[in-house]
Structures are given as structure tokens and as C-alpha cells.
Amino acid sequence: MNVAILTGGGDCPGLNAVIRAVVRRGERHGFGVVGIRDGWRGLLEDDLFPLPTEAVRGILHLGGTILGTSRTNPFKRDDGPQRVLDHLARRGVDAVVAVGGEDTLGVANRFHGLGMKVVGVPKTIDNDLSGTDYTFGFDTAVSIATEAIDRLHSTAEAHARVIVCEVMGRHAGHIALHSGLAGGADVILVPEEPVNVDRVCDHVRRRQGAGHRFSIVVAAEGAQIERGRDEVVSADLDEFGHVRLGGIGAYLAKEIEGRTGIETRSTVLGHIQRGGSPTARDRVLATRYGVFAADLVHEERWGTMAALHGDEIVGIPLAEATRELKLVDPRLYSVAEVFFG
């Protein structure tokens, strides 16, 4: 059997570990594995190449993806779906392993409906894919954000400032919540809870009045000052209909300083959260996902995704995995509120 693998959407640490695992496990099953460059774009442009075992040696610890990635949606092109299927047939590819988040796997699910033999692996630093407890890349992103918050504490205290740290999280605030809890943030703002700037400022004033020289505010990029209103860097839509978010940190810093009179700065972590070497946990999880995905192909369980349930990797339908986003659990947010409410 000839199997092709692609990585789509935003990159994250752990992608290379998945690729390595699919190739190595695929070798045990007798697969020939080929790589697809730049996600679904590679299938539109017929950009495939052999992926032997030698090609995946020494990549476990590397960030990014040796395949490249993009946010390409074949269903936005008039002849896109047919071109993809034709290129697979011409290349003699029997099955596809799609590694990505809601957009990439949503495309995979649509292709499954057109007859493509496809399985999925969940990837997103936002950890917002339903059907799985954790996606790989999330642990690394949280670790990076937590370290940044730790570093911001010392400079904020030295200057008696408020510092707003903006982290990634378009629709779900998992990174903000987990890194904020781990880093001891004084306020944590997530997309699931509309931001009340007056409450934030009141809390900062109370801390100042109690003798605390500084405050740390962690805000997800998708946190909304009013429900339905995002801070955006660009209103241009990508092929999955998303605007480019950003600016909530700068907006909050200006409002907090203006309303409280306390010097306030903002820091945007941005793509730092995506880069660098994956944590040990993400390396292990990504490897387990890759091995399981190869097994799903071997067992011909098409239209399924590898998912973590507890400590067990299981297969669930792609349709179930992409039906809705997994948002922050209000119970966990209430735990965080103990420390900043």
C-alpha cells in the first residue's frame, strides 16, 4: 500500500515526531510512504516526494515540519477536489494521513465523503479539537508561555508596572488559562468569557492598594471586549474564513493605564509559542498518534482520527472530531478565578 502524509494549518512542535512515527510504523506494515509538501496545496499542485526511513532520522526533536505547511483549502477552488483526487490516482497513492486541526481535518472529512481513504491526526496548539483530550503541540506552547510569564514577573515588579501578555487562542482560551494558572497571573482573559475592563481595572487597583507593586494580565488573542467583537490585525480572510487576530494586549494596556494611572505595557508572544523543540510530553504523544494512525491505515479504518481518551489512544470518526470546538471548561476557569477573582 502507498500512503501519503501531509501537515496542514499552523505549524507546531511535534509534527516531525508524527511524520517519523508514520514512516517507521508504516515500514513495519509494508507501506511505501510519500510526503506531501505544504499541506493540501501539495495535492493541488502534485507536489509529492518519497519519504524513506532515512529521511526521518534525526527529526524527532525538531520543531516545524519537514513537509512544510499551508492554510490551503482545496474546496475553495472550482476544480480543487477533483484535481486532488486525480493527482492521488496518478501517483498511485492508496491512502492519506492528514495531520492538522479543525480546518485541515474538516477538509479530510469532506474528502472522505468523496471516497478518499483518509485518516487524521489531531494537531493544534490551541487544544480546541473535540473528541480528544489533548492535541500535541499544546504542552509545548503552554510551557513557552509559562516561561515568558515567569520572566515578565521580575521586570513588572522592578518597574511597578502592569504587563499584559497576549497569547494565542482564537476561539478557545486553553493556552491562556493553563499558562496563566502555571505562571501565577493576576488576571486571565479567554474568548469564552467576555472581558469586563472595569473589573480588570478594579482588580489591579485593589492589588495596588494592598501593596502589590505589579500585576500580570494574560489574555488570549481571541478574548473579546464585547461579545462578537474581536481585535484584528487584518480583516482579510484566509481560505477557511478566518481573520488575523491580534491587538487585544495593546488595547487592554492602553485602557488599564488610562483608567488606573498605573504604567502598563503589553507583550505579544505570537509565533514564539509555535517554535522550537517539542516538550517530552508532546514528543511522546505525537509518536503515539503517528503509530496509531499507521495502524488505522493498516486496518482500513477510513474516515477516523487518532484521539487521546484518558491515557489510551483510540479511533473516532473525523465527523465527530470536527463537529464543534472544544472550549474551556467553566469548572477549570472557576479554579483560576480563585487566584484572580
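The values are calculated or read from the model by the stated rules, or taken from the named source; none is laboratory data. The shown structure was predicted, so the numbers you read here are calculated from the model rather than taken from an experiment. Positions of Cβ are backbone-derived with ideal geometry, glycine not excepted, and every protein chain shown enters the neighbour counts.
Worth pointing out:
- Members of the range 285-299 that are charged (D, E, K, R) and touching a strand residue (DSSP E or B) at 6+ places or on another chain (Cβ under 8 Å): Arg288
- Selection of the range 295-314 for residues being without any contact (Cβ under 8 Å) to a residue 24 or more places away in the chain and either closer than 27 Å to His178 by Cα or touching a Lys or Arg at 6+ places or on another chain (Cβ under 9 Å) (or both) yields Asp311, Glu312, Val314.
- The range 67-94: number of residues that are within 24 Å of Gly315 (Cβ to Cβ), crowded, with 21+ Cβ neighbours inside 10 Å and in contact with a Lys or Arg (Cβ under 7 Å, 6 or more places away or on another chain): 1
- Residue match in the range 306-323 (condition: surrounded by fewer than 15 Cβ atoms within 10 Å (Cβ to Cβ), over 22 Å from Arg20 (Cα atoms), within 17 Å of the chain's Cα centre (by Cα) and at pLDDT below 95): yes
- When Arg91, Arg71, Arg37 are screened for being free of Cβ contacts under 8 Å to residues at least 60 places away in the same chain and at negative phi, only Arg37 passes.
- Residues (over 15 Å from the mean Cα position of the chain (by Cα) and in a helix (DSSP H, G or I)) located in the range 253-282: Ala253, Lys254, Glu255, Ile256, Glu257, Gly258, Arg259, Thr260, Ala280, Arg281
- Scanning the range 179-197 for residues being surrounded by fewer than 24 Cβ atoms within 10 Å (Cβ to Cβ), touching a residue at least 40 places away in the same chain (Cβ under 8 Å) and outside any loop (DSSP other than H, G, I, E, B) gives a total of 3.
- Looking across Glu157, Glu166, one residue alone is of a type outside the set (Ser, Thr, Tyr), crowded, with 24+ Cβ neighbours inside 10 Å and under 22 Å from Arg199 (Cα atoms). It is Glu166.
- Whether a residue is under 30 Å from Ile272 (Cβ atoms) and in contact (Cβ under 8 Å) with a residue 24 or more places away in the chain was assessed, and Leu114 does not pass this test.
- Selection of the range 117-138 for residues being touching a Gly at 6+ places or on another chain (Cβ under 9 Å), over 30 Å from Thr264 (Cβ atoms) and crowded, with 16+ Cβ neighbours inside 10 Å yields Lys117, Val118, Val119, Gly120, Val121, Pro122, Lys123, Thr124, Leu129, Thr135, Phe136, Gly137.
Here is a yes/no grid of residues against (1) free of Cβ contacts under 8 Å to residues at least 24 places away in the same chain; (2) in contact with a Lys or Arg (Cβ under 7 Å, 6 or more places away or on another chain); (3) in the same structural domain as Val217 (by TED's automatic domain parsing):
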position: Val56; (1), (2), (3): no, yes, no
position: Leu60; (1), (2), (3): no, yes, no
position: Thr65; (1), (2), (3): no, no, no
position: Val99; (1), (2), (3): no, yes, no
position: Val118; (1), (2), (3): no, no, no
position: Thr124; (1), (2), (3): no, no, no
position: Leu129; (1), (2), (3): no, yes, no
position: His153; (1), (2), (3): no, no, yes
position: Met168; (1), (2), (3): no, no, yes
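- Against the list (1) touching a strand residue (DSSP E or B) at 6+ places or on another chain (Cβ under 9 Å); (2) among the small types (Gly, Ala, Ser); (3) not assigned by TED's automatic domain parsing to the domain that holds Thr124, the condition Gly303 fails is (3).
- Some residue of the range 42-50 being over 25 Å from the mean Cα position of the chain (by Cα) and surrounded by fewer than 14 Cβ atoms within 10 Å (Cβ to Cβ): yes
- Test: Ala98 is outside any helix (DSSP H, G or I) and within 20 Å of Glu324 (Cβ to Cβ): yes
- Residue list for the range 58-95, filter: touching a strand residue (DSSP E or B) at 6+ places or on another chain (Cβ under 8 Å) and assigned to a loop (DSSP other than H, G, I, E, B): Thr65, Ile66, Leu67, Gly68, Thr69, Gly92, Val93, Asp94
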